[in-house]
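*Asks:* The structure that follows is given in the form of structure tokens.
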Amino acid sequence: MVESLIKKFKETYGESGDIRTYFAPGRVNLIGEHTDYNGGHVFPCALTIGTYGIARKREDGKLRFYSENFSELGIIESDLEDLVPSKEADWTNYPKGVMWAFEKRGFKLSSGLDILIYGNIPNGSGLSSSASLEVLTGVILKDLFGFDVSMVDIALIGQYSENNFNGCNCGIMDQFASAMGKKDNAIFLDTNTLEYEYAPVVLKDAKIVIINSKVKHSLVDSAYNDRRNECETALLELQKVVDIQTLGDLTEEEYEAHKDAIKSEIRQKRAKHAVYENQRAIKAVAALKENDVETFGKLMNASHISLRDDYEVSCEEIDILVDLAWEIEGVVGSRITGGGFGGCTVSIVKNGAVDYFIETIGEKYKEKVGHEAEFYVVDIGDGARNLDV
Ligand code: GLA
């Protein structure tokens, strides 16, 4: 596939120069949802699907972008002098935002670039196609300009650009997973300190299966930012009665003891989710280390209920998928994954039940919702990298 992308690059932009090849993966989060902007823990892993990039430096300051996924848009041109978000820039606002954020950090881009992109993460599926494009851009800039920037910094720059250039107030999880992923491991990340640990995902007789609901409700970005604001207000209210920096500092008991300081029922539910979900993530990783996959699965189920009822980021289609999964013998755990309001579920399914799982849920989902779901049996891959070496 990389060969055909290089061929396409040469057809699009010409043959000359030092043409290099890169990849940044998407991610699936196993547990610890909507905790990353609340100072809590997350447990994502990088996928083997993601975004490919072919790139070459130019002699002038022009930026030329072409995406195989949006071929109808043709080549989108810009310039290093024009690193501002715009509607016409369309998907190139993501790589441009990362370039802008590098420059803000003092990394001067000494020339323009020709870039060709191809992604195999289904669009809008909540598996972090945008974060992978950001991290990919970071890796391209690091490599082509020789910038002394770590992979963690690339993740932070990606998040910064998404927050300040593209207007989504996301946390660090997606970019971190794409930059720092490791084959067969999930990343146990404390988003408050950015300390992290790789945990081998050894499920012996089970597999991780993602189901794409193929729905994306329009409120994704605005409702996401609302949740974040609600949690920030709840934190300020709690800080009047307890000495904490983030919601992730609280245990469940501490939350229950102080929750009355939060003056709205909705904000209490949001904060409750943030606190309990963080504790669930910690417990789930401990269980996995003990090879206790059953407990891990139960915590996934509890995570879904909390995201559905207290954080209210699920939707009908996703609840149908999770309910169908819960009915199947051999399903160890199942929950919504990612930002919510559509997108995907993640389930742990015993090997012997995987075929039945896909067939039965596939049929019943179509019956109830009217369109097909998509299933991916997950392979956990490495983080973003140059593919030439
Ligand atoms: C989106 C955001 C992440 C994280 C998840 C929810 O994917 O980009 O930072 O907040 O939602 O866990």
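Coordinate-derived values only; no laboratory data. These numbers come from a predicted model, not from an experiment. Note: ideal-geometry Cβ built from the backbone for every residue, glycine included; neighbour counts use all protein chains shown.
*Asks:* In the chain, with Lys and Arg counted as +1 and Asp and Glu as -1 at Cβ, which of these residues, Gly342, Ile49, Phe23, has the Cα nearest the positive end of the dipole, that is, farthest along it?
*Replies:* Working it through, the farthest residue towards the positive pole turns out to be Phe23.
*Asks:* Between Leu113 and residues 5 or more places away or on another chain, which pairs have amide H atoms under 5 Å apart, with H built 1.01 Å from N, and which residues are they?
*Replies:* Residues meeting the amide H criterion: Arg58, Leu63, Arg64.
*Asks:* Which of the pairs Lys8/Lys183; Lys204/Lys289; Lys283/Lys350; Lys8/Lys57 have their Cα atoms more than 24 Å apart in this structure? Mind dumping the intermediate values first?
*Replies:* Values: Lys8/Lys183 29 Å; Lys204/Lys289 13 Å; Lys283/Lys350 21 Å; Lys8/Lys57 17 Å.
Beyond 24 Å: Lys8/Lys183.
*Asks:* Specify the angular offset, from 0 to 90 degrees and rounded to the nearest 10, of the alpha carbon long axis of helix 316-327 from the longest principal axis of the alpha carbons in the chain.
*Replies:* Once rounded, one gets 60 degrees.
*Asks:* Going by how many other Cβ atoms sit within 10 Å of their own, how do Asp90, Asp60, Asp36 line up, fewest first?
*Replies:* So the residues, fewest neighbours to most, are Asp60, Asp90, Asp36.
*Asks:* With viscosity set to 1.002 mPa s at 20 °C, what whole-number translational diffusion coefficient in µm²/s follows for segment 265-343 from Stokes-Einstein and a Kirkwood radius over Cα pairs?
*Replies:* 165
*Asks:* Which Cα, out of Thr233, Ala257, Thr360, lies furthest along the positive dipole direction of segment 206-377 (beta carbon charges, K/R +1, D/E -1)?
*Replies:* Value computed over the given set: Thr233.
*Asks:* What is the helix-to-structure angle for 2-13, meaning the angle in degrees between its Cα long axis and the longest Cα principal axis of the chain, kept from 0 to 90 and rounded to the nearest 10?
*Replies:* 50
*Asks:* If you don't mind, there's one more thing I want to ask. Only sites in a loop by DSSP and with at most 13 other Cβ atoms within 10 Å count here; which GluC sites (Glu not before Pro) in segment 279-314 make the cut? Mind showing how you got there, number by number?
*Replies:* Working: sites: Glu290, Glu294, Glu312; in loops: Glu290, Glu312.
Of the GluC sites (Glu not before Pro), the ones in loops of segment 279-314 whose Cβ has at most 13 other Cβ atoms within 10 Å are Glu290.
*Asks:* Using alpha carbon coordinates only, what is the Rg to Rh ratio of segment 344-389, with Rh defined as the Kirkwood radius?
*Replies:* Answer for segment 344-389: 1.17.
*Asks:* Further question on the same structure: Mind jotting down a quarter of the surface of the convex hull over the alpha carbons of segment 153-242, in square nanometres, one decimal?
*Replies:* Details: hull surface 35.0 nm².
Average of the hull's projected areas for segment 153-242 equals 8.8 nm².
*Asks:* If you average 1/r across every pair of different Cα atoms in segment 182-332 and take the reciprocal, what Kirkwood value do you get, in Å?
*Replies:* Details: mean 1/r = 0.0582 Å⁻¹.
Across segment 182-332, the inverse of the average 1/r is 17.2 Å.
*Asks:* Okay, next question. Name the residue from Ile76, Ser86, His217 whose Cα lies farthest towards the positive end of the charge dipole of the chain, charges +1 on Cβ of Lys and Arg and -1 on Cβ of Asp and Glu.
*Replies:* Ile76
*Asks:* Roughly how big is the chain's charge dipole about its Cα centre, with Cβ charges of +1 (Lys, Arg) and -1 (Asp, Glu), in debye to the nearest 20?
*Replies:* 480
*Asks:* Over every pair of different alpha-carbon atoms in segment 1-50, take the mean of 1/r and invert it; report that Kirkwood radius in Å.
*Replies:* Averaging 1/r across every pair of different Cα atoms and inverting gives 13.9 Å.
*Asks:* Charges at C-beta only: +1 for Lys and Arg, -1 for Asp and Glu. How large is the resulting dipole of segment 1-85 about its Cα centre, in Debye rounded to 20?
*Replies:* On the way: 10 positive and 14 negative charges, 65 e Å.
In debye, rounded to 20, segment 1-85 gives about 320.
*Asks:* If I build a Gaussian network model for the chain, linking alpha-carbon pairs within less than 10 angstrom, which residue out of Val369, Val275, Val322 has the largest mean-square fluctuation?
*Replies:* Val369
*Asks:* What would the Debye equation give as log₁₀ I(q)/I(0) for segment 290-389 at q = 0.10, 0.11, 0.16, 0.18 Å⁻¹, counting only Cα atoms as equal point scatterers?
*Replies:* Debye intensities relative to I(0), on a log10 scale: -0.31, -0.37, -0.72, -0.87.
*Asks:* Name the residue, out of Thr21, Thr193, Thr48, whose mean-square fluctuation peaks in a Gaussian network model built on the chain with Cα pairs under 10 Å.
*Replies:* Thr193
*Asks:* Please give the charge dipole size of segment 206-377, origin at the Cα centre, charges +1 on K and R Cβ atoms and -1 on D and E Cβ atoms. Round to the nearest 20 debye.
*Replies:* Here segment 206-377 has a charge dipole of around 260 debye.
*Asks:* Among the lysines, which fall within straight-line cross-link reach of Lys214, defined as a Cα-Cα distance under 22 Å, with same-chain neighbours fewer than 8 residues apart omitted?
*Replies:* Reachable lysines: Lys364, Lys366, Lys368.
*Asks:* How compact is the chain by the rule of thumb for globular proteins, expressed as Cα Rg over 2.2 N^0.38 Å?
*Replies:* Values: Rg = 21.1 Å, N = 389, 2.2 N^0.38 = 21.2 Å.
For the chain, the normalised Cα radius of gyration comes out at 1.00.
*Asks:* Counting only Cα atoms, I'd like the Rg/Rh figure for segment 82-144, Kirkwood definition for Rh.
*Replies:* Reported Rg/Rh, Kirkwood definition of Rh: 0.96.
*Asks:* Another question, if that's okay. In deg cm²/dmol and to the nearest 500, what is the mean residue ellipticity at 222 nm of the chain if only DSSP H runs of at least 4 residues count, each as -39500 (n - 2.57), divided by the residue total?
*Replies:* On the way: 11 runs with 160 residues, N = 389.
That calculation yields -13500 deg cm²/dmol at 222 nm.
*Asks:* To continue, here is another question. Which aspartates and glutamates have a Cα lying under 19 Å from the Cα of Lys7, excluding residues fewer than 8 positions away in the same chain?
*Replies:* Straight-line reach from Lys7, under 19 Å: Glu15, Asp18, Glu68, Glu72, Asp114, Asp388.
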